[in-house]
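J.: Attaching a single structure in structure tokens format; questions to follow.
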Amino acid sequence: PFKMSIRSRPPYLSHSSIEHFLKTYFPFRAVNKSSIKELVSYDDRNYYFRGEIDPPFSSSKTPGNEYVLKFLNHRFDIELVKGLTELKKYLYRQGFICPFPIPSVSSNSEIVIVSESELLPYIGKNDTLPVLTSIGRELSSQQTTLSESTSTRPHANDLVNVSASKEKHYCVRVMTYIPGTMFKHVSQTPEQLYKFGEYMGLMNKEMKQFSHPGLEGIKPHDWDLKDLLTRREYLPKAVKDPYQYRTLE
């Protein structure tokens, strides 16, 4: 089975660094620094925050001004990310409740690609985790400041072959945040389970009408819901809670 290396994850950023990053790359005129919190993620970095978007981009704001800053690990496939981003926009237009991507400030894309060296200025003195550079040397947080300059950053629409570079690159997006309670934390009645399945079925049906070059030829994934029944053998080890086990069964 695949095992995630901690060095595949994007570096940790402090709240001040995240605020600065958002105002540099995305159209946020204000970020509530006290609202920032890191969300649970497998091998990416996701940060919840509240912020105010500049007027030209105000149509992308949410009622509660809640968003998620998403750093994908360096193994991302840019064409796949483009496809998934367009899929979210498509589902949103069809009336489904889903995160909506926020455009970046200097391109026609919602996707920004940053290199390790471009992230270094955002690793401030309050950041505790070191960053592994492309030559394998660890730079401590004390060695970098926000005043350091950065090179021109590539965007998803640029013809940039980031895979040919030895330096790690990270794909960054901002999505609207969908507030609510996790399904596992609510009382799951037969009616709720039926509505959940119905909603997922309608979404799956609508997704079949969508196509994008980046989503063609995707390799099978163990976490794909359509392959759920082939993963029953993992249930005894993966699910310890008796109620959750019975629900999945």
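J.: In contact (Cβ under 8 Å) with a residue 12 or more places away in the chain, of a type in the set (Val, Ile, Thr) and farther than 22 Å from Leu39 by Cβ: is that true of Thr189 in this structure? I'd like the intermediate steps shown before the answer.
T.: Details: in contact (Cβ under 8 Å) with a residue 12 or more places away in the chain: no; of a type in the set (Val, Ile, Thr): yes; farther than 22 Å from Leu39 by Cβ: yes.
It is false that Thr189 is in contact (Cβ under 8 Å) with a residue 12 or more places away in the chain, of a type in the set (Val, Ile, Thr) and farther than 22 Å from Leu39 by Cβ.
J.: Being within 24 Å of Leu80 (Cα to Cα) and either touching a residue at least 24 places away in the same chain (Cβ under 8 Å) or acidic (Asp, Glu) (or both) narrows it down to one residue among Pro179, Pro220, Pro213; which is it?
T.: Values: Pro179 fails: within 24 Å of Leu80 (Cα to Cα); Pro220 fails: either touching a residue at least 24 places away in the same chain (Cβ under 8 Å) or acidic (Asp, Glu) (or both).
One residue alone meets the criteria, Pro213.
J.: Cβ-Cβ distance below 6 Å, separation of 6 or more or different chains: which pairs start in segment 72-84 with a residue that is farther than 15 Å from Arg45 by Cα and end on one that is surrounded by fewer than 19 Cβ atoms within 10 Å (Cβ to Cβ)?
T.: The qualifying pairs are Glu79/Gly214; Leu80/Gly214; Lys82/Gly214; Gly83/His212; Gly83/Gly214; Gly83/Leu215.
J.: Tell me, yes or no, whether segment 69-85 has at least one residue that is out of contact with any helix residue (DSSP H, G or I) (no Cβ under 8 Å at 6 or more places or on another chain) and more than 30 Å from Gln209 (Cβ to Cβ).
T.: Our first condition is that a residue be out of contact with any helix residue (DSSP H, G or I) (no Cβ under 8 Å at 6 or more places or on another chain); within segment 69-85, this holds for 70-71, 76, 85.
Narrowing further to those that are more than 30 Å from Gln209 (Cβ to Cβ): 71.
So far as segment 69-85 goes, yes, one or more of its residues are out of contact with any helix residue (DSSP H, G or I) (no Cβ under 8 Å at 6 or more places or on another chain) and more than 30 Å from Gln209 (Cβ to Cβ).
J.: Check Lys37, Lys33 and return the single one that is without any contact (Cβ under 8 Å) to a residue 40 or more places away in the chain, of a type outside the set (A, V, I, L, M, F, W, C) and touching a His at 6+ places or on another chain (Cβ under 6 Å). Write out each step before concluding.
T.: Details: Lys37 fails: touching a His at 6+ places or on another chain (Cβ under 6 Å).
Sole residue among the options that is without any contact (Cβ under 8 Å) to a residue 40 or more places away in the chain, of a type outside the set (A, V, I, L, M, F, W, C) and touching a His at 6+ places or on another chain (Cβ under 6 Å): Lys33.
J.: Only one of Ser117, Ser149, Ser104 is farther than 30 Å from Phe196 by Cβ, in a loop (DSSP other than H, G, I, E, B) and modelled with pLDDT under 90. Can you tell me which? Before you say what the answer is, go through the steps one by one.
T.: On the way: Ser117 fails: in a loop (DSSP other than H, G, I, E, B); Ser104 fails: modelled with pLDDT under 90.
The conditions single out Ser149.
Rundown of residues vs (1) in a helix (DSSP H, G or I); (2) modelled with pLDDT of 90 or more; (3) open to solvent by 100 Å² or more (accessible area, probe 1.4 Å), yes/no style:
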position: Phe210; (1), (2), (3): no, yes, no
position: His221; (1), (2), (3): no, no, no
position: Leu228; (1), (2), (3): yes, no, no
position: Pro236; (1), (2), (3): yes, no, no
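The values are calculated or read from the model by the stated rules, or taken from the named source; none is laboratory data. Source: prediction; values computed, not measured. Cβ coordinates were reconstructed from backbone atoms using ideal geometry, including for glycine residues, and neighbour counts include every protein chain displayed. Side chains included, ligands, DNA and RNA excluded: accessible areas come from the protein's heavy atoms. Shrake-Rupley method; radii C 1.70, N 1.55, O 1.52, S 1.80 Å.
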